[in-house]
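Let me begin by presenting the structure, written as structure tokens, before commenting on it.
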Amino acid sequence: MLLYTFLQDGGVQKDQAFQMNGTQGQLWKQANITLPNYSSLSVVFEGIVGNGYRGDIALDDITLRAGPCFGDSGKGNFKIET
């Protein structure tokens, strides 16, 4: 399993905001990312699944809020909470 989160500004890819790979277990994980202030921001999720049911990817409860993010997990500095 591999999950990337990319940022785009006006359709142009700017940054990879987040990456997670490998088996994460059965519990939900939480990740927090502070997004830059682009004029036309798009957040793109790209997932590559593995074989069988253990290779699935699920995203749930995605929230965007104004202001800095508490416990930022982006750019390889992962603070994943179970």
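See the values below:
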item	result
The range 34-50 residues that are β-branched (Val, Ile, Thr), paired with ones that are surrounded by 13 or more Cβ atoms within 10 Å (Cβ to Cβ) and part of a loop (DSSP other than H, G, I, E, B) (beta carbon under 8 Å, 6 or more apart)	THR34/CYS69; THR34/GLY74; VAL43/LEU35; ILE48/MET1; VAL49/MET1; VAL49/ILE57
Matching entry among THR5, THR34 (being of a type in the set (S, T, N, Q) and at pLDDT 85 or above)	THR5
Where LYS14 falls short, out of the listed (1) modelled with pLDDT of 85 or more; (2) touching a Pro at 6+ places or on another chain (Cβ under 8 Å)	(1)
Subset of the range 7-53 [surrounded by 13 or more Cβ atoms within 10 Å (Cβ to Cβ), among the aromatic types (Phe, Trp, Tyr) and part of a loop (DSSP other than H, G, I, E, B)]	TYR38
Whichever residue in the range 54-75 is modelled with pLDDT under 75 and outside any loop (DSSP other than H, G, I, E, B) and, among such residues, is nearest to ALA31 (Cα to Cα)	ASP72
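The values are calculated or read from the model by the stated rules, or taken from the named source; none is laboratory data. Source: prediction; values computed, not measured. Glycine also receives a Cβ, built like all others from the backbone with ideal geometry; neighbour counts cover every protein chain displayed.
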